[in-house]
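Only one structure is covered here, and it is reproduced in the block below.
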Amino acid sequence: MENTGFEMAIAGAVATMIGDICMHPVDCIKTLQQSNAGAGLSMLGASKQILSTQGFGGFYAGLGTYVLSDGFAGSIKFFTYEALKKVISSNLPSDPEKAESRERWGLFVAAGAAFIASSVVLVPGELIKQRLQMGQITTVTSGITKIMKEEGPLGFFAGYAGVCARDVPYTMLELGLYDNFKTLYLKMKLRKSAASSSSSPKSKTTLPVKITQYDEIVCAAFTGGITGWFTNPMDVVKTKLMTDSSLYTGFIDAGVKQVGASGVGSLFNGGAARVAWLMPFTAIYLPVYEVLKRRMLDARMGGGEMKGIRGGDGGGRRMGGGGVCYF
């Protein structure tokens, strides 16, 4: 028995919103560091500037609209990702080695497609959030009115290329690495269990090898840190396009001007804050997604067969729905 698409969408939305709420202040610091107004500021310096210009509430600027839009985008992303995983797993070759390779790389492709499906909802919400964080607009309604008046409907998609350039590879790494890390970790535990059993042949009690919730948290944290750091340059350019769109003609122009003005190292402005944000965020929201899926499946089955359900699929069976997320 597997989760329905609706259950996966609900789990994805709720998990994403919980992660957003927990880590939004660090996101605000990162956004200021990457903008022209906060270039060169440390995390502490950016925090002080937010406090002095916006007060404590500045750390939660744009939270409401972002949580709603990102939650909706999360539901679309996870629904799409899980659906594509099922398509991939049902079309694997019979050769085990080829099947494993295709499955492994298929996860990354499915994750990228899942983000593109969710981007139509995510980008306008991201735009409003970042302009609220920078103090360029004061409320969601006034911001929407201003964008419609000055930029038209397409104004809500300013920086779309930058978002896709950042988040397609980010989501591919996030979901793909998370699922693959769990599979790798499970294989390590299986080998360790087999070695232990062979060294103690008299032992007749063999505990089931599984991915625990703690394992999910560790895999998610590593995933968040790795993907956050390697996609930071795209995040810097995306922030420039969303907060200072009039200065650039597009993604490449923004990147070239950033490097020309501040050097290649400036592409990692806010990198520490981004990692400090995404490691705990990913460690929260991906495991929460897994827990919610299990709880909803448990509730639908009446709780009978699901007592003591393992922490996660993590490769215990093929990709049919326990893999990740995601997000």
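The values are calculated or read from the model by the stated rules, or taken from the named source; none is laboratory data. All of these numbers come straight from a predicted model, not from anything done at the bench. No Cβ is skipped: glycine too gets one built from the backbone with ideal geometry, and neighbour counts run over all protein chains shown.
Some values worked out for this structure:
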item	result
Selection within region 239-280 - over 19 Å from A46 (Cα atoms), within 21 Å of the chain's Cα centre (by Cα) and crowded, with 20+ Cβ neighbours inside 10 Å	L241, M279
Check on F78, surrounded by 22 or more Cβ atoms within 10 Å (Cβ to Cβ) and in contact with a Cys (Cβ under 7 Å, 6 or more places away or on another chain)	yes
The listed residue being under 20 Å from the mean Cα position of the chain (by Cα) and under 24 Å from F181 (Cβ atoms), out of G62, G74	G74
Scan of region 260-295 for residues that are out of contact with any Gly (no Cβ under 9 Å at 6 or more places or on another chain) and farther than 30 Å from I217 by Cα, ordered by number	G260, A261, G263, V264, G265
Test result for G176, under 23 Å from M234 (Cβ atoms) and assigned to a helix (DSSP H, G or I)	yes
Test: residue in region 132-154 that is under 20 Å from the mean Cα position of the chain (by Cα) and either hydrophobic (A, V, I, L, M, F, W, C) or part of a loop (DSSP other than H, G, I, E, B) (or both)	no
Residue within region 243-258 that is among the aromatic types (F, W, Y) and not in a loop (DSSP other than H, G, I, E, B) present	yes
Residue match in region 144-160 (condition: at pLDDT below 85, under 30 Å from L84 (Cα atoms) and either among the hydroxyl-bearing types (S, T, Y) or touching a Phe, Trp or Tyr at 6+ places or on another chain (Cβ under 7 Å) (or both))	no
Residues being closer than 17 Å to P287 by Cα and either touching a strand residue (DSSP E or B) at 6+ places or on another chain (Cβ under 8 Å) or among the hydrophobic types (A, V, I, L, M, F, W, C) (or both) - total across region 1-32	12
Filter result (exposed (fewer than 14 other Cβ atoms within 10 Å of the Cβ), of a type in the set (D, E) and within 27 Å of L32 (Cβ to Cβ)) within region 83-142	none
Hey, K77 at pLDDT 90 or above and farther than 22 Å from I284 by Cα or not	no
Qualifying residue in region 160-178 (condition: farther than 16 Å from F251 by Cβ, in contact with a strand residue (DSSP E or B) (Cβ under 9 Å, 6 or more places away or on another chain) and of a type in the set (D, E, K, R))	no
Selection status of N3, at pLDDT below 95 and over 22 Å from V288 (Cβ atoms)	no
Within region 184-198, considering residues that are of a type in the set (A, V, I, L, M, F, W, C) and either within 28 Å of the chain's Cα centre (by Cα) or not in a helix (DSSP H, G or I) (or both), the one surrounded by the most Cβ atoms within 10 Å (Cβ to Cβ)	L186
Identity of the residue in region 144-176, hydroxyl-bearing (S, T, Y) and surrounded by 16 or more Cβ atoms within 10 Å (Cβ to Cβ), that ends up nearest to Y289 (Cα to Cα)	T171
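Yes or no, residue by residue, for (1) at negative phi; (2) in contact with a Ser or Thr (Cβ under 6 Å, 6 or more places away or on another chain); (3) among the small types (G, A, S); (4) at pLDDT 90 or above:
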| site | (1), (2), (3), (4) |
| --- | --- |
| V275 | yes, no, no, yes |
| A283 | yes, no, yes, yes |
| L286 | yes, no, no, yes |
| K293 | yes, no, no, yes |
| L297 | yes, no, no, yes |
| K307 | yes, no, no, no |
